[in-house]
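Asker: This is the structure, below, for whatever I ask next.
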Amino acid sequence: MTGARQPLGIGDVRRHHLSVVLGELVDRGPRSRAALAQRTGLTKATVSALVADLLDRGLVEELATPPAGRVGRPAIDVAASAGHVAGLGLAVDVDHVAAGVVDLTGRVRVLHRRPSDNRAARLGTVLDRLRRVAARALGDAEAEGMACVGGALSLPGLVDPAGTLLVAPNLGWTAIAGDDLVARLGLPAGIAVTLDNEANLAARAELRFGAGRDLSSFVHVSAGVGIGAGVVLDGRLVRGAHGFAGELGHVVVDRTGRPCACGSRGCLETIAGSAADASSDAVAAALAAALRSVVQIIDPQAILLGGSLAGRGDDFAAAVGDRLQGAALSARWPCDVRPARLGPDAALIGAASVALDAVVADPTLVPRRSPADRTA
Ligand SMILES: [Zn+2]
């Protein structure tokens, strides 16, 4: 929205400060109130009041034993709390459904994955499978005293900005409204779930909790049967005008190659997708060919190889990097190619972090707890 904006009220300023302090702890780990004051430019008194508020909401906790090796009087460190608030990540892929619960530190606390051939199944059958794993994950989280505040459903397809799945070629799904789909999962009231593309969510997870943490601009390549990419520029996920940015798997690398599910021929995923069964050399060459233009256009600091590509290790990443550098105009400013860190559950972690990001942006979304709850 543009136009005249309301001046910020006291509540807005406080909410913003709460967000700054919580974000600092989530992104950079435990630290003392004094160190928080130094990092944020807020006074120590303000930081103490903000930390007290976040403690009341169960979003941070005090660490009993400060890390060793510090000189001087030990200060009690404050950390993002792993104990109470969590995000729910749901995923449907070609060969499995999964539900996971992730805490504010990025740890996967609960994970239920069910292998299933979703290409051969009806939509209702797949959603039934997902509903069951989601119910089990939420039950386990509740037993551990954690409350899911929301989440997302990861899908291997194009999701528009309104949250409608337009097409998932490898599942054979088209035009499904997000609200209708989520309503069929029977989640408890209060757990809002949106749809997003698998590659976007995986990139989001690496940005928040993984190999992209110290990067501001990178491309995360997410490979399974299909290949997608999440593009992060200046710390933000790039979605493009219609939400399709990063469809790297359908960049044509061999015009005379095999037919692809998208209707084209010789797309990257027909060579480098996990079903293609190509040699490691052929996969590296195809990836470099597809990535070369991407690097020239957006100048990322790094390419992160995720999904099944992460398992190929550092040598494979270096081989892609060598081929990429060969012909690039930007050879003087090499783009680092490395494996992603979060493994096959990156999209699920990203899906859960949609809710966690919302809490970091506005910690007052989580209500203050009564004194009786705080001792729990
Ligand atoms: Zn294609």
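The values are calculated or read from the model by the stated rules, or taken from the named source; none is laboratory data. Note that the coordinates shown come from a computational prediction; the quantities given were computed from them, not determined experimentally. Neighbour counts are summed over all protein chains in view; Cβ atoms, including those assigned to glycine, are modelled from backbone coordinates with ideal geometry. These accessible areas exclude ligands, DNA and RNA; they are computed on the full protein's heavy atoms, side chains included. Shrake-Rupley method; radii C 1.70, N 1.55, O 1.52, S 1.80 Å.
Asker: For labels at Thr364 and Val167 in the simple 7 Å Cα→Cβ model, what's the distance in nm?
Answerer: 4.5 nm
Asker: Could you tell me what a quarter of the Cα convex hull surface of the chain works out to, in nm² with one decimal place?
Answerer: 21.9 nm²
Asker: Which stretch or stretches of region 200-234 have amide N atoms under 20 Å from the point lying 7 Å from Arg28's Cα along the Cα→Cβ direction?
Answerer: Counting only backbone N, you get 207-217, 234.
Asker: Could you give the dipole magnitude of the chain about its Cα centre, charging the beta-carbon of Lys and Arg +1 and that of Asp and Glu -1, in debye to the nearest 20?
Answerer: 540 debye
Asker: Of the options Gly139, Val94, Thr164, report the single residue whose Cα projects farthest towards the positive end of the charge dipole of region 62-217 (beta-carbon charges: Lys, Arg +1; Asp, Glu -1).
Answerer: Among Gly139, Val94, Thr164, the one farthest towards the positive end of the dipole of region 62-217 is Gly139.
Asker: With angles folded into 0 to 90 degrees, how steeply does helix 44-56 sit against the dominant principal axis of the chain? Use alpha carbons for both and round to 10.
Answerer: So the helix axis and the longest Cα principal axis differ by about 70 degrees.
Asker: Within the accessible area of the chain, what % is carbon and sulfur when the probe is 1.4 Å and the other protein chains stay in place?
Answerer: Roughly 52 percent, rounded to a whole number.
Asker: If you don't mind, another one. Considering the chain as a Gaussian network with a 10 Å cut-off on Cα pairs, which listed residue, Thr270, Thr364, Thr40, attains the greatest mean-square fluctuation?
Answerer: Ranking Thr270, Thr364, Thr40 by mean-square fluctuation puts Thr40 first.
Asker: On full extension of the chain, what length is gained from Arg119 through Arg265, given 0.36 nm per residue of separation minus the C-alpha to C-alpha distance?
Answerer: 50.5 nm
Asker: Let me ask something else about it. What distance in nm separates the simple spin-label points at Glu142 and Asp234, each placed 7 Å from Cα in the Cβ direction?
Answerer: 4.5 nm
Asker: Ignoring everything except DSSP H segments at least 4 long, calculate the 222 nm mean residue ellipticity for the chain; use -39,500 (n - 2.57) per segment, divide by total residues, nearest 500.
Answerer: -11500 deg cm²/dmol
Asker: Distance in nm between label sites at Asp160 and Ala282, each 7 Å beyond Cα in the beta-carbon direction?
Answerer: 3.8 nm
Asker: Could you identify which residue out of Leu348, Leu63, Leu268 has the top mean-square fluctuation in a GNM of the chain using Cα springs shorter than 10 Å?
Answerer: Looking only at Leu348, Leu63, Leu268, the biggest GNM fluctuation is shown by Leu63.
Asker: Taking the Cα centre of region 222-297 as origin and charging only Cβ (+1 Lys, Arg; -1 Asp, Glu), how large is the dipole, in debye to the nearest 20?
Answerer: Computed about the Cα centre, the dipole is about 200 debye.
Asker: Over 5 Å intervals from 0, what percent of Cα-Cα pairs in region 193-337 sits in each interval?
Answerer: With 5 Å bins starting at 0, P(r) equals 2, 10, 21, 24, 22, 14, 5, 1, 0.
Asker: I've got another one for you. With springs only between Cα atoms under 10 Å, which of Ser216, Ser19, Ser353 fluctuates most in a Gaussian network model of the chain?
Answerer: Ser216
Asker: Using only the Cα atoms, work out Rg/Rh for region 219-299, with Rh taken as the Kirkwood radius, to two decimals.
Answerer: On the Cα set of region 219-299, Rg over Rh gives 0.97.
Asker: Counting heavy atoms of the protein chains only and a 1.4 Å probe, report the per residue accessible area for region 190-247 as a whole number of Å².
Answerer: 35 Å²
Asker: Same structure again: Roughly what % of DSSP beta bridges within the chain run antiparallel, to the nearest 5?
Answerer: So the antiparallel bridges amount to about 60 percent of the total.
Asker: Would you kindly calculate the translational diffusion coefficient of region 124-194, applying Stokes-Einstein with the Kirkwood radius from alpha carbon pairs, for 37 °C and a viscosity of 0.692 mPa s, and quote it in µm² s⁻¹ without decimals?
Answerer: 251 µm²/s
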